[in-house]
Amino acid sequence: MLRIEHLTKTYGGKQAVDDLSLHIAKGEICGFIGHNGAGKTTTIKAVCGILGFDSGEIYVGGKSMKHEPIDCKHRMAYIPDNPDLYDFLSGVKYLNFIADAYGVGASQEFAYTRICLN
């Protein structure tokens, strides 16, 4: 279901994720633990397509996050631990924000908004 191959992400000169490979099969439950600054949040945001990465590959359900990001994003959900942003957005503004974050085009965005609001 989720396959990460040699994922690397740097911020300036600091390497946040260094050559991470991880495989999680369908139906498996996985805990992702580590010290502060170990790269957990960076990895999760890269897996969700919110954050780009320098090298490696992420596959969600066999689809490549690099080459088929929308297909990957349709197969997962991300719920952050600090939903502070949502208090300041209306429902439509939130949907538009998420569409922008996931690279959904304007015509697709309207269709998703219309479906969600009906």
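Structure notes:
- One residue stands out in the stretch 37-51 among those that are touching a residue at least 24 places away in the same chain (Cβ under 8 Å) and small (G, A, S): the one that is surrounded by the most Cβ atoms within 10 Å (Cβ to Cβ), namely A46.
- Among the residues listed as G27, G34, the single one being in contact with a Lys or Arg (Cβ under 6 Å, 6 or more places away or on another chain), loosely packed, with under 13 Cβ neighbours inside 10 Å and free of Cβ contacts under 8 Å to residues at least 40 places away in the same chain: G34
- Restricted to the stretch 59-118, and to residues there that are surrounded by 15 or more Cβ atoms within 10 Å (Cβ to Cβ) and of a type in the set (K, R), the residue that is modelled with the highest pLDDT is K63.
The values are calculated or read from the model by the stated rules, or taken from the named source; none is laboratory data. Note that the coordinates shown come from a computational prediction; the quantities given were computed from them, not determined experimentally. When we count neighbours, we look across all protein chains shown, and the Cβ atoms used for this are built from the backbone with ideal geometry, even at glycine.
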